[in-house]
Structures are given as C-alpha cells and as structure tokens.
Amino acid sequence: MAKHDTPLLDELEKGPWPSFVTDMKRQAETHPECWDILGQLELSFKDRITHWKHGGIVGVFGYGGGIVGRYSDVPKQFPGVEHFHTVRIAQPSGLYYSTKNLRSLMDLWDKYGSGMTNMHGSTGDMILLGTRTENLEPLFWDLTHDLDQDLGGSGSNLRTPSCCLGDSRCEWSCYDAQDVCYHLTMHYQDEIHRPAFPYKFKFKFSGCPNDCVAAIARSDFAVIGTWKDDIQVDQAGVKEYMAGNYPANGGAHAGRDWGAFDIKKEVLDICPTECMWMEGDELKIDNSECTRCMHCINVMPRALKPGKEKGATICIGAKAPILDGAQFATMVIPFIEVSKDNEYENLIDVIEQVWDWWMEVGKNRERVGETMQRIGLPTFLKVMEIDAMPQHVKEPRSNPYVFWKEEEVEGGFERDVEEFRRKHAA
Amino acid sequence: MVMSVEEIEAAMIEKATKSPKPQLYVKDFYKCDPDSKPRVIKNIANGLVKKGELMFWSSGSTTMYARPDRIKNEEGAEGIN
C-alpha cells in the first residue's frame, strides 16, 4: 500500500515505456524506504527544486572515494531517505559478470541498502543507490572479503578504469584492452581510492576504432586501438560479399530486406576520405588516406581486417557538458605501442606527463580537456614533448594570429621593435 | 631552503585551521611549499587524513580537505551542502 500520494509521478507510468516509478513501487514492497524516495521526488516535482543534499564526509576507513554522501533536506517528512548514500563498485573488465557474482552483489545490497541500482554509471562502475552511514563499513567488509571486489573511484580521484571486451571476443582488437585496464587499475590503486587531482580523471580503453566504450567522448585519457600499416584485404572475400554469399555487417541488419549488397553505395561512396575504389573486381585502398573509421571493416568483416602492426592512438580531454559544452578528446599521439612486455611503461609515461602538468596548471574543478583548451594545444604539445603534425590540426586557418618566437624565425627579428612602435603608435 | 615533510605538514595544518573557508582543495595547499611537486603535496595531504589531522569532504565529483573540528557532520543539526 502506497505510503504517499504521488499523482505527478503516477503520470510517468502511463507512457508506452517501462517506468522507473513502477520499478520503485515494486521495490518498496520489500524495501519500504523506497516509498520515501517516491514521496520526496513528488515533493520535488511540486516545489520544482531538488530535496537531495549531496556530498559529505561519509566514506570507508582508508578510502577517499567510492562513496558519495547523499541526504534528504526534508528528513522528518521522509525518514527512509534521511541518509541515502551511493556506493560505487568497480566493475569487472569488459563487464564480464557471472550470474553467481551478480546474485551475491544483489544479496549484499538487499542486506545493507535499498536494493536499487544503476547498471552502470557513465564512468562504468556499478552504482548501488541508497544506504545509511552505519551500513557502509559492514558492506565494505563483506564486499572486499566475501566477494573479493572493490569500490570504484569518485571525487577528485582517478575514476574506475573501463574497457571493451577486447581480445576476449573481438577479432578487431588491436591491443589487449582488458589486460591494460586491469594492469593500470592495480598500478594506480592509490589514485583510484584517494583524491589526487584538481578534479576527476577517467581512463577508457577501446581495442579498436569502433570505440565500444566511447572512450573518445567520455574519458580524459582515451586509449583507442589502431594499426600502422595497411588494412588486410581478402579479395576472394570481397567477391563473396559482392555476390551476396556473405551477409553484410555480419548479418546485423538481416531483419529487413535491404536489397542486394551494393559495394559502391554501401562502402566506397560513404568512405569519409574516399580512399577506396574498385579496379575491375579488385578492391583498392589508399591506406595513407584511411582515417580508421572502421566502416568498411564493419560491413565486410570476412574480407577486411585491421592491419598487422597494431597499437593505439591516445586522445586526451573529453568531457561532459558542465563548462563550455561537451567536448570530444583531442588526438595527441597517433600511434603508440601497447606492450605487456614492458608493463605498459610507455603508456604510463604519457599518463604521468599529463598528470604532472595538469596537477600544476589545472584550476580547481577543471578537467584536463578544459585546461588544454584554456592553455592551447601548441603549449600542451610542447609540455608533452610532441612535435605538432597535420593530424593535430582540427581545421586549417581558423586562427590567423600566429605568434612566432624569435628563435623560430630564421635570422631572428632584425627589426628594431621599439623603433617600429614609435612609427606605428597604437 | 628545502622543507621537511614535518614542516610541510605543520604548514598545511595551519592553513586548514586558519583559512576563512573550512574546506580546501588540494591545490590550496601547494603554496605551503612552492618547491614541492603537486604529487608530493597530495601525498602529504592524504597522509594527514590517515593521521586524523585532516578529513575528506567530497561532493561526489570533487574532493576537498578540512580539519575535522571545522566541518560539521551533515547528520548533526547543521548540515553543509
């Protein structure tokens, strides 16, 4: 039986889609505090203001992240949500769960929390919504001792690193994304569990340019698999696609009749750099123009494969729209070898070079992408000791003001600037 | 002159005690020893939390530091937002 009248929320159950209101009402049958979430949300709808206070000093001993304090500002009216803290749990690499593990986690959350979850947060971790302060330490003990799992990152910490399925299932993976993710998670335990930076910092690892974890859009440091040499082409396979013997896109669009496969219409004409053409019945690719969009490989996976010389591209500075709108990451290093043999040392060197600069120059609550934007890419490249290259240029000639330094100009500045200014007073 | 860890710790505690705002960002501690790298200051700040001299305060997206006696517990009468 409902504890509060929720006429406004009830409207949300009338649409064609599953409603979180229905889910919460069902959950309230076993966790009565969920009635108070609904009651408080109804009040927020009426008052047009949130009644959550977020943030605080709650946490577990030794950790400076993983728990986000949340309190009601109307606790007398809704005592079930007086405390409603969020717990972030590090997800397994590639989101491989066993049903046993999921059941154990849900049992744990039924015991200590509201039973409500968010699978997964945009950082990637499992988010358990709603518990009281006194439950945090027992929950943490059981989580780490019985389930052998750990909290994720929050606050000004390195956030829980996340990755795609990588080599485990994907033939396009250009490096072992899961292994890198796990290695760096272990390497940076201190940064994950205790604050380290001016603001949050996220790693994401995608095995190929399809970027299944959207690293380029969601992470401060995106490692996206790529290759250096040419796309591997099996001309016999191309002929099979053209003959209609192999389904395009691995049969992904087989639910509807799209007509016969047309390589010109479906591949060649929509290549973003127009770097593909047919010579007779042979597919030709100008690999120097390829931007690794993956479209042709996605359409004809049995005929085309990434090259053999594999590694990753590093893009830095993506973020969601708090300041200046959302931004994609900037490509900084077009190709870097990603090798387990040296324990990903070259990747770690780049990460720490970025951190050292950002920790010094970044303002409070400024993402690294915002610092890069404020300081400018040329300065950032100098800090990173990377020579500028055409791939760094987003669009040519958008800024006509190029300030040369004397040492960059052959012969230096011979003109007497003072004399010049006397004749050309502002 | 190079400051010892103990001297930096004392400067940080003093700053956290006397600052007009009870909660400080890690960058606010950088000036306690301008010669130390930010990572060193960060490690000392986290060490002070371990010793109970400072406390974390997190909004969920940002983490700040404060002297325990200067921040009220939200669960008490005077909550902080």
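What follows is calculated from the coordinates using simple rules that are stated; it is not laboratory data. As the structure is a computational prediction, the values presented were derived from the model and not from experiment. FYI the Cβ positions are ideal-geometry reconstructions off the backbone, even for glycines, and counts take in every protein chain you see.
Quick look at the numbers
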quantity	calculated
Summed residue charge, Cβ within 12 Å of A:ASN101's Cβ, Lys/Arg positive, Asp/Glu negative	-1
Within a Gaussian network of chain A (alpha carbon springs, distance under 10 Å), most fluctuating of A:TYR97, A:TYR71, A:TYR175	A:TYR97
Debye, to nearest 20: dipole size of the range B:5-68, +1 on Lys, Arg Cβ, -1 on Asp, Glu Cβ	260 debye
Top of A:GLY317, A:GLY207, A:GLY412 by mean-square fluctuation, Gaussian network on chain A, Cα under 10 Å	A:GLY412
The range A:141-228 shape via C-alpha gyration tensor axes, a/c threshold 1.5	oblate
Rounded if a/c under 1.5, otherwise prolate or oblate - the range A:7-145, Cα gyration tensor axes	oblate
Peptide-level mean, for A:56-62, of C-beta atoms on other protein chains within 10 Å	6
Computed over chain A: relative contact order in percent, which uses C-alpha pairs under 8 Å that are six or more apart	11 percent
Calculated over chain A: convex hull of Cα atoms, volume per residue (Å³)	233 Å³
Order of B:THR17, A:THR99 - criterion: other Cβ atoms within 10 Å of each residue's Cβ, fewest first	A:THR99, B:THR17
Pairwise FRET efficiency - A:ALA320 versus B:GLU14, Cβ, R0 = 60 Å, nearest 0.05	0.95
Cα-centred dipole magnitude for chain A, charges only on beta-carbon of K, R (+1) and D, E (-1), debye, nearest 20	1280 debye
Qualifying lysines (Cα of each under 30 Å from Cα of A:LYS3; at least 8 residues distant if same chain)	A:LYS14, A:LYS25, A:LYS46, A:LYS53, A:LYS76, A:LYS111
Average beta-carbon neighbours from other chains, 10 Å sphere, peptide A:145-154	1
Top positive-direction residue, dipole computed over the protein assembly as shown with Cβ charges, set A:ALA2, A:LEU105, A:ALA318	A:ALA2
Bins of 5 Å from zero: percent of alpha-carbon pairs in the range A:1-50	5, 23, 31, 23, 15, 3
Residue with peak Gaussian network fluctuation, chain A [Cα springs, cutoff 10 Å], from A:GLY94, A:GLY307, A:GLY251	A:GLY251
Computed FRET value (nearest 0.05) for A:ASN245 with A:GLU345, which takes r as the C-beta separation and R₀ as 60 Å	0.85
10 Å Cβ neighbours from other chains, averaged over peptide B:36-44	4
Rounded Å value of the spacing that divides the Cα centres of the range A:211-239 and the range A:241-289	17 Å
Label point distance in nm, A:LEU12-A:TYR97, each placed 7 Å from Cα along Cα→Cβ	2.2 nm
Inter-centroid distance (Cα atoms) of the range A:355-371 relative to the range B:23-69, Å	16 Å
Protection-proxy order for peptides A:280-289, A:115-124, A:416-425, A:60-69, each taking the mean of Cβ atoms within 10 Å per residue, highest first	A:60-69, A:115-124, A:280-289, A:416-425
Cysteines in chain A that, by Cβ-Cβ distance, have no pairing candidate under 4.7 Å	A:CYS34, A:CYS170, A:CYS174, A:CYS208, A:CYS271, A:CYS275, A:CYS290, A:CYS293, A:CYS296, A:CYS315
The range B:5-68 shape via C-alpha gyration tensor axes, a/c threshold 1.5	rounded
Rel. contact order, % - alpha carbon contacts under 8 angstrom, at least six apart, the range A:7-145	19 percent
Sequence-separation-based contact order of chain B, relative, with Cα cut under 8 Å and 6+ spacing, percent	29 percent
